[in-house]
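First the structure, in the form of structure tokens, and then the observations on it.
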Amino acid sequence: DNAKLYINPVINWEAVADRWPRIHPDVVECSQCMALDRYAASVFHALLIAEFGVIQITDLLNVSGDRPGWGGVQRLEKILKTPFKDRTPLEQQHSSMLSEIAPMIISLKDSMRHKISHVVNKLEWLSNDIGPKIASEVINAVQGFMRRLAKELP
């Protein structure tokens, strides 16, 4: 199974890689690191892909701010806390999608993002308890989130 994943790293990511070719290198790294039992690196690349998805949503809603990325999650939560009638027309238009995917984003952010940090291009573990099961769960969650975005994001 690991050899198959290494040779065909885009398996289960096809819709995502087709929609956003620029994340293809992280998709490949995520899968190949998983195939080589490099779980930290695999999770790191999966979270980069998820962060790219967050940026796509915040860009759509014009709330990317001056530091696009995971910080946009708070801005998305703020939209959801705003009464529907007080949201911008664009926010109202995409409220249904946002309310459905926000829990996915928050879960990814809160459960894994703070366990690893990328400092000076080196992966630094803040928690060393991530093994194959947790890495698979993170990757599956990111794949589901990104497939949904690939399908539903205008």
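Worth pointing out:
- Where a residue in region 42-69 is without any contact (Cβ under 8 Å) to a residue 40 or more places away in the chain and its partner, wherever it lies, is open to solvent by 10 Å² or more (accessible area, probe 1.4 Å) and polar (S, T, N, Q), with Cβ under 6 Å and at least six apart: T58/S64
- Checked against (1) loosely packed, with under 14 Cβ neighbours inside 10 Å; (2) within 14 Å of the chain's Cα centre (by Cα); (3) aliphatic (A, V, I, L, M), V16 passes all but a single condition, namely (1).
- When residues of region 35-79 are limited to those that are of a type in the set (A, V, I, L, M) and open to solvent by 30 Å² or more (accessible area, probe 1.4 Å), the one modelled with the lowest pLDDT: L48
- Among the residues of region 3-13, the ones that are surrounded by 12 or more Cβ atoms within 10 Å (Cβ to Cβ) and part of a helix (DSSP H, G or I) come to 2 in all.
- Residue ID - modelled with the highest pLDDT, chosen from residues in region 80-112 that are under 29 Å from F44 (Cα atoms) and open to solvent by 80 Å² or more (accessible area, probe 1.4 Å): E100
- Residue satisfying all of: in region 113-154; aliphatic (A, V, I, L, M) and modelled with pLDDT under 60; surrounded by the fewest Cβ atoms within 10 Å (Cβ to Cβ) among these: V120
- Residue within region 27-34 that is in contact with a Gly (Cβ under 9 Å, 6 or more places away or on another chain) and part of a helix (DSSP H, G or I) present: no
The values are calculated or read from the model by the stated rules, or taken from the named source; none is laboratory data. Computed from a predicted structure; not experimentally measured. Positions of Cβ are generated from backbone atoms using ideal geometry, with glycine treated the same way; all protein chains shown enter the neighbour counts. Accessible surface is based on the protein model in full, side chains and every heavy atom, while ligands, DNA and RNA are left aside. Shrake-Rupley method; radii C 1.70, N 1.55, O 1.52, S 1.80 Å.
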